[in-house]
Amino acid sequence: MTSGEYRVESESETLFEVLLVEDNPADARLTREAFAETRYGSRLSVVSDGYEALRFLRRIEPYALAPRPDLILLDLNMPRLDGCGLLAQIKRDEDLKRIPVIMLTTSAADSDVLRCYNLHVNSYVPKPPDLERFLEVVAKLKYFWFEVVRLPPK
Amino acid sequence: MSTTTEEVAALQEKVRYLEGLVESYEQTLLDQANRLELAMQELKQQTSILQSVLNSIGDGVAVINKDGRFLLNNPASVRILGINVGEDNYQNWSENYESYRADGQPYDPSELPLARAIRGEEVDEAEEFMRYWRRPEGVWLSVTARPLRDEKGQVQGGVAVFRDITRRKRTERHLAAQYAVVRVLAEASTLDQAAQGLVRAACESLGLQFGTMWEVRQGKLHCLAVWPEHGESAELARLSREVLEPTGRELPVQVWKSGRPLWISDLLDEDGSPRAKAAWDARMRTAFAVPIVSRTAVTGILEFYSDQSRACEPDLIQLLGSLSSLIGQFCERKHAEEALRDSEALFHSLVETLPLNILRKDLEGRFIFANQMFCKNLGKPLEEILGRTDYDFFPADLADKYRADDRKVLTTQQVFEDVEAHVTPAGDKLYVHVLKAPVWDAAGKVIGVQVIFWDETARKVAEEKLQQTLAELARSNRELELFAYVASHDLQEPLRMVASYCQLLQKRYKDKLDDDANEFISYAVDGALRMQTLINDLLAYSRVGTRGKPLVPTSSEAALLKAMNNLKLAIEESGASITYDPLPRVVGDTVQLTQLFQNLLGNALKFRGQDAPRIHVGAQRQGNFWKIWVQDNGIGIDPADFDRIFIIFQRLHPRDEYPGTGIGLAICKKIVERHGGRIWVESAKGQGARFCFTLPAAEGTEA
């Protein structure tokens, strides 16, 4: 996958648009697999860094037709513009700031957690190292955001 | 018949003339008788006056005729000489009286004053020492003698007037003795040196024949001097050279033991010790000794012998007492001088041998003292330094600084300390440690500054190097920890991929693969998961250093309780009983202390024996630290493994017996060491284990 490309998880009825910003294809794929495990209909777009993500969000080429996501999943460590940098940009942007942003990362360091909340992240979710637990967490995330929460109207 | 008128008249005239003559003769006779009577009365009166004068005067008056017979001895003479008129003849004087000249030589009988007087000579105030049966101690006389001549000038006898000057002579002798002793003491520098002269001076000035002096040393009496060493008393002198034991009966020993003077009037009475016998053989008759007291202790003895049998003479004893006190004072003074000299020598050698530059300056900054080290370093002889100032030797700015420092010392009267950093002309760094202190005179007035300085470059450079090394070490430790943290963090990612995709394979394709494939995948998953645990442990281990909180006074008991709470489930499951002493406040990181207790308690629960775990936590103060221990009744540890258990990832047991990566104790060690303490284990296999560690005590608080 090259930068600028994005893939959707399900072509069927698209209920929720999710943007995953993750530079590691294996990780991205794993998250995609985890999303596929659940029954909630959602389309997962993946970009490989914060820079691409901004272009995606602002519908700059090649993302002119990109959907506005309902939820953004962010990794911390990425080339060019990292998770925190992107988070700051999103939360400064009058239009984008209301899109919930979830940090999904392996780091459980207090400093990272603090930094992200200080930048108004909506939730910080450490990735469990174990697959089963990870699948569980993704399922719960989807349940929470797509089922429990009322998202801002588009 | 009738006589003629003229005849009658003439006769009458004659008769009248004769009558007148008779009358005048009678008158003359009467006058003469009267005069005689008067003269006799006068003579009688004069004789009586003379007699009463002779009777009452204190001076002795003796008159002899030219044959030497005493014609007159007044009462004073009788008292002094013990003789009566007519009883004695001056010619055989020498049979009854021993007479000596002032110089101690016996008188030749023909040279005695009265003997000279009847030869027509005059003697004025000759001093004579005389001894006879009634006055065995002797009498000193001052004798004046004159010949008695008749009207033709022929010598008919002699008269002697004499006076008892014994008291005066004794005083003179005592003064002479004191003078002699003082002189000897003044010239001597040690008692040893003085001793011989002292004994001799005392003997000679007091007319004593033998003397000794002793010193108390190491519980015995040692002879310092004997005088004279030769002659009749040689044997006594030889015997005196010996050391006297405190148990002896000799005269010096008795005086030493009693601390009082002792007088032996007759040596025949003595016990018959060899010394007493030798003294008797040397014709000594009387002996006496006095203690020499210095600082209330008897430090020596003076002992004397006389060849006369003499009753105790209190004033002589008193004199010797004053002499011995002079000697005692001398000893004390010498002791003090010696001590002063010793300390002088000590300080001098310190000043000159210590590798320190020592100097003194007066109020104007002029050098008044400099030790050799300073002279050497300045490259100038002492005489070129004294009287000069810093401005003569150092650049003006440096001298200004020195002078300013000196002034500070002079005004504050406080010690000033500084480490001066200099750069040598060659560009090398030079550190000089300086101590400046005020110098006071005896009256307490500040009279200058004492400066001590030394080159501290080597120490300072070493210190700097050490600081540098320590900083480097700390940095490399920090880097290492950071590296471990980053490395393990970054290792997590790919590993998570391996583990996750293996698990995904397992999950999705379990039914599509054969048994071998499933087994292989399960091994891969197992390995990856274990690797994850190890990496997590490594992360936790490196966090002890990188994520620690500041060390502050905190309750170790609270940390223990927190740890027990965290382990609540495990404690309940194992049926363990945990007891603990009151635990102290320590300086530490509560989170890490909790982890420490949790790891140790966890181990105690994990490595349990057959019985339910019984765990006790104790504490004991050790100086600035608290020793805290966790004692269990578990399987114990072989002493051979004591060191191994604290190494990271070291395990003593197979994984299926006791799970774990072997990180717990390594973390404990790291936590304790971060707190400045140490950790160790006391145990025997099968006897339970006691893990001990020390933590710094929170100041001023007890358990």
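Data overview
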read-out	value
Criterion violated by B:A336 - all others in (1) in a helix (DSSP H, G or I); (2) in contact with a strand residue (DSSP E or B) (Cβ under 8 Å, 6 or more places away or on another chain) satisfied	(2)
Residue among B:K334, B:K361 that is basic (K, R), closer than 25 Å to B:L185 by Cα and touching a helix residue (DSSP H, G or I) at 6+ places or on another chain (Cβ under 9 Å)	B:K334
Inter-residue pairs, beta-carbon under 8 Å, first under 18 Å from B:A563 (Cα atoms) and in segment B:668-679, second small (G, A, S) and part of a helix (DSSP H, G or I), 6+ apart	B:K670/B:G545
Candidates A:K142, A:K97, A:K91, A:K154, filtered to the one that is more than 29 Å from B:Q503 (Cα to Cα), more than 14 Å from chain B (Cβ to nearest Cβ) and buried (at least 16 other Cβ atoms within 10 Å of the Cβ)	A:K91
Out of B:Q592, B:Q610, sole residue that is out of contact with any strand residue (DSSP E or B) (no Cβ under 7 Å at 6 or more places or on another chain), away from chain A (no Cβ under 12 Å) and surrounded by 18 or more Cβ atoms within 10 Å (Cβ to Cβ)	B:Q592
Checking B:N565 against (1) buried (at least 20 other Cβ atoms within 10 Å of the Cβ); (2) over 16 Å from B:G664 (Cα atoms), the condition it does not meet	(1)
Residue count, segment B:547-562 (criterion: over 60 Å from the mean Cα position of the chain (by Cα) and surrounded by fewer than 16 Cβ atoms within 10 Å (Cβ to Cβ))	1
Residue check, B:Y541 of a type in the set (S, T, Y), surrounded by 13 or more Cβ atoms within 10 Å (Cβ to Cβ) and within 12 Å of chain A (Cβ to nearest Cβ)	no
Yes/no for B:G300 being touching a residue at least 40 places away in the same chain (Cβ under 8 Å), within 21 Å of the chain's Cα centre (by Cα) and within 20 Å of B:W227 (Cα to Cα)	yes
Cβ pairs under 7 Å, 6+ apart, first in segment A:105-134 and facing chain B (nearest Cβ under 9 Å), second at pLDDT 90 or above and part of a loop (DSSP other than H, G, I, E, B)	none
Selected residue (criterion: nearest to the other protein chains (Cβ to nearest Cβ)) from residues of segment A:28-60 that are among the acidic types (D, E) and within 25 Å of A:E147 (Cβ to Cβ)	A:E33
Residue that is surrounded by the most Cβ atoms within 10 Å (Cβ to Cβ) [pool: residues in segment A:48-79 that are acidic (D, E), assigned to a loop (DSSP other than H, G, I, E, B) and in contact with a strand residue (DSSP E or B) (Cβ under 9 Å, 6 or more places away or on another chain)]	A:D75
Any pair with Cβ under 7 angstrom, 6 or more apart, that starts in segment B:213-227 at a residue that is under 17 Å from B:A188 (Cβ atoms) and in contact (Cβ under 8 Å) with a residue 60 or more places away in the chain and ends at one that is in a strand (DSSP E or B) and among the aromatic types (F, W, Y)	B:L224/B:W214
Members of segment B:359-376 that are over 18 Å from B:K401 (Cβ atoms) and in a helix (DSSP H, G or I)	B:Q372, B:M373, B:C375, B:K376
Test: residue in segment B:436-459 that is aliphatic (A, V, I, L, M), closer than 30 Å to B:L539 by Cβ, surrounded by fewer than 17 Cβ atoms within 10 Å (Cβ to Cβ) and more than 14 Å from every other protein chain (Cβ to nearest Cβ)	no
Test for A:G83: is it modelled with pLDDT under 90 and more than 27 Å from B:L505 (Cα to Cα)	yes
Count of residues meeting criterion [at pLDDT 85 or above, over 14 Å from A:N24 (Cβ atoms) and more than 9 Å from chain A (Cβ to nearest Cβ)] in segment B:487-507	1
Any hit, segment B:466-486, residues being more than 14 Å from chain A (Cβ to nearest Cβ), surrounded by fewer than 10 Cβ atoms within 10 Å (Cβ to Cβ) and either at pLDDT 85 or above or under 30 Å from B:E417 (Cα atoms) (or both)	no
Subset tally (residues that are surrounded by fewer than 14 Cβ atoms within 10 Å (Cβ to Cβ) and under 41 Å from the mean Cα position of the chain (by Cα)) for segment B:272-285	1
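The values are calculated or read from the model by the stated rules, or taken from the named source; none is laboratory data. Remember, it's a predicted structure, so these values are computed and weren't measured experimentally. Backbone-built Cβ (ideal geometry, glycine too); neighbour counts: all protein chains shown.
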